[in-house]
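Engineer: Here you go, one structure.
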């Protein structure tokens with residue numbers, strides 16, 4: 001209980017201080033009241049969010065936020081598609097796709113899966129802008145990059161081995177792979193459920209694969 | 001010392017603009033735009049540093065970093081819009097300035113509405 005109150009109060013204090021500091025930074029003109037409104041709402045969320053744990057089941061606010069902003073993006077390109085030329089349309093669709101990819105990556109990283117240090121996503125969306133469900137996500141691919149040393153997550157059965165950097169060596173003992181299968185399924189389910197509720201993609205259309213990081217150039221090493 | 005640079009730049013630009021305005025008002029406007037942009041870039045690095053530091057503290061709070069990002073995006077949009085609108089207003093085009101402000105408001109709304117709806121969802125979920 002003490003721990004709960006401690007983190008609650010800490011939250012409120014940190015956010016209050018941040019908002020006060022931000023208020024110094026914001027321009028003094030007409031925009032000020034909008035920023036005040038948003039910061040006020042964030043403050044309210046910070047105050048009442050922990051209470052949900054007492055009254056009801058856990059609420060995932062991030063999900064609501066992503067699904068709502070996704071809805072706005074989708075409606076926006078739908079409206080624009082009525083006015084724009086084909087080529088512009090393609091560019092906008094691409095932009096929309098990138099936005100969704102970013103959302104998914106953020107969401108997966110937000111789950112803080114152990115051992116995963118990078119997530120990449122790719123989606124196929126309905127690009128036929130005459131069709132009824134234009135902008136709908138047809139398929140989502142998620143690649144999770146695990147650290148080489150980490151055996152917190154073991155690969156799933158259908159792992160496609162993608163060679164990163166070209167020199168993949170089969171140095172993984174097989175018994176580790178079997179042990180870890182279950183954790184992975186659990187995580188995959190969690191990711192799928194979240195993406196399903198946030199973006200409305202059918203769970204069978206979400207493909208998650210794990211990739212071992214073979215020490216390519218992108219890996220940062222801490223010395 | 002940065003403030004001396006910036007103030008010096010601003011005063012120099014103001015004097016030049018005051019001299020030029022009588023003969024060539026169109027160049028005076030361009031000069032003021034350029035000055036504004038230069039000052040903007042001079043402080044951009046500091047601004048980014050402050051925001052980075054604030055973000056790292058926000059990470060310590062239990063609340064989602066996403067809210068902070070949205071808040072920062074809104075601040076950025078407000079800054080840019082004010083900048084553009086002020087230039088237009090200085091040049092005497094206050095109608096265009098108010099259009100810029102309208103656009104900024106709408107864009108801020110599209111960012112803010114998801115936060116408002118998530119508050120609503122929160123309230124709904126608390127209700128028995």
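Taken together, the values in this text are just the output of simple stated rules run on the coordinates, not laboratory data. All values reported here derive from a predicted model rather than from experimental measurement. Cβ coordinates were reconstructed from backbone atoms using ideal geometry, including for glycine residues, and neighbour counts include every protein chain displayed.
Engineer: Direction-averaged shadow area of the convex hull around the Cα atoms of the range B:63-128, nm²?
Structural biologist: If I average the Cα hull's projected area over directions, I get 5.0 nm².
Engineer: Just from its helices, what would the mean residue ellipticity at 222 nm be for chain B, if runs of 4 or more DSSP H residues each count -39500 (n - 2.57) and the sum is divided by every residue, rounded to the nearest 500 deg cm²/dmol?
Structural biologist: Numbers: 4 runs with 117 residues, N = 128.
Dividing the helical sum by the residues of chain B leaves -33000 deg cm²/dmol.
Engineer: Give me the inter-chain shielding for B:25-31: mean count of other chain Cβ atoms within 10 Å, whole number please. Spell out each step's value before the answer.
Structural biologist: On the way: counts 0, 0, 0, 0, 0, 0, 0.
Taking all residues of B:25-31 together, the mean is 0.
Engineer: At q = 0.23 Å⁻¹, what log₁₀ I(q)/I(0) does the range A:2-55 have when each alpha carbon counts as one equal point scatterer in the Debye sum?
Structural biologist: -0.86
Engineer: Beyond 16 Å, what share of the Cα-Cα pairs of the range B:14-77 remains, rounded to the nearest whole percent? Walk me through the intermediate numbers first.
Structural biologist: Numbers: 1243 of 2016 pairs.
Roughly 62 percent, rounded to a whole number.
Engineer: Within 10 Å of each Cβ in B:79-91, how many Cβ atoms from other chains are there, averaged over the peptide? Each step should come with its number before you reach the end.
Structural biologist: Working: counts 5, 2, 4, 7, 2, 0, 4, 2, 0, 0, 0, 0, 0.
The per-residue average across the peptide is 2.
Engineer: While we're here: Residues of A:14-26, mean number of Cβ from any other protein chain within 10 Å of their own Cβ, rounded to a whole number?
Structural biologist: Values: counts 8, 8, 0, 4, 8, 2, 0, 5, 8, 1, 1, 8, 7.
Mean inter-chain Cβ contacts per residue within 10 Å come to 5.
Engineer: Could you rank the peptides B:106-116, B:70-80 by their average count of other C-beta atoms within 10 Å per residue, with the highest value first?
Structural biologist: Numbers: B:106-116: 17.1, B:70-80: 19.3.
Packing order, densest peptide first, comes out as B:70-80, B:106-116.
Engineer: Hey, rough spin-label estimate for residue A:124 and residue B:109, points 7 angstrom out along Cα→Cβ, what's it come to in nanometres?
Structural biologist: 3.8 nm
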